[in-house]
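Working notes, beginning with the structure itself.
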Amino acid sequence: MQGTSQFGDVPLVLQDKPSADEAGVYLATARGYDEAEGVTFKVTRSGDADFRLVTTPPKGCVAVMAIVRPTRLVLCADEVTLQDERPKVLAVVRALTRGYTQAQLEPDEAVAAMDGQVPGLSHDRLSTELDTVASTWTAGAKFFGELSPGPGRDSTIARDARNQE
């Protein structure tokens, strides 16, 4: 693991509408998994950022980790950040991997973490949705985040982050 402030604040843009597929992000921030890896997630729903959770990566953003399989929701990293700051990208992936893995193991805690950070959510709806979607995060994968190779993807990041744990 990296030192607490090695990479500093890391803006992470999520989709417009909150969903249970973000539970791992919120559990990672609530439990400090991000800071343990040397990054501090600054979660937002819009704006410029080196990291995004998206269904289709925008131009200049490379998919580095599958969140919802098969490649329905991915973490993408700015291609310059990926090239110049690979250790930072690996730290982000490790923190999210831990958050999502724990969200699958502790869904009630994941819902509580998201509930505490996102105003206006229905706790019961979120809990029901998480029960439905959590299995899609690892369905058919050898490990959480596994991304198949292809254009606009770097399938080595999630694997390398896993090997550094």
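Please treat every number below as a calculation from the coordinates, not as lab data. Computed from a predicted model, the values in this text were never measured in an experiment. Note that each Cβ is placed from the backbone with ideal geometry, even for glycine, and that neighbours are counted across all protein chains shown.
Points worth noting:
- Residue in region 9-31 that is among the aromatic types (Phe, Trp, Tyr) and either over 10 Å from the mean Cα position of the chain (by Cα) or within 26 Å of ASP124 (Cα to Cα) (or both) present: yes
Let's see how each residue does on (1) over 24 Å from GLN104 (Cβ atoms); (2) in contact (Cβ under 8 Å) with a residue 12 or more places away in the chain; (3) of a type in the set (Gly, Ala, Ser); (4) surrounded by fewer than 22 Cβ atoms within 10 Å (Cβ to Cβ):
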| position | (1), (2), (3), (4) |
| --- | --- |
| ALA23 | no, yes, yes, no |
| TYR33 | no, yes, no, no |
| VAL39 | no, yes, no, no |
| PHE51 | no, yes, no, no |
| VAL54 | no, yes, no, yes |
| ALA66 | no, yes, yes, no |
| ARG72 | no, yes, no, yes |
| GLN83 | yes, no, no, yes |
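- Top-ranked residue of region 92-114 - restricted to ones that are within 19 Å of LEU53 (Cα to Cα) and over 11 Å from the mean Cα position of the chain (by Cα), ranked as surrounded by the most Cβ atoms within 10 Å (Cβ to Cβ): ALA110
- Every residue from region 113-150 that is assigned to a helix (DSSP H, G or I), in contact with a helix residue (DSSP H, G or I) (Cβ under 8 Å, 6 or more places away or on another chain) and over 18 Å from ALA66 (Cβ atoms): ALA113, MET114, ASP115, GLY116, GLN117, HIS123, LEU126, SER127, GLU129, ASP131
- Criterion (out of contact with any helix residue (DSSP H, G or I) (no Cβ under 8 Å at 6 or more places or on another chain), under 19 Å from VAL39 (Cα atoms) and among the aliphatic types (A, V, I, L, M)) met by exactly one of VAL64, VAL80, VAL93: VAL80
- Flag if LYS88 is more than 15 Å from the chain's Cα centre (by Cα) and either not hydroxyl-bearing (Ser, Thr, Tyr) or not in a helix (DSSP H, G or I) (or both): no
- Applying the condition of being among the hydrophobic types (A, V, I, L, M, F, W, C) and within 14 Å of THR101 (Cα to Cα) to region 139-160 and asking which residue is surrounded by the fewest Cβ atoms within 10 Å (Cβ to Cβ) yields ALA139.
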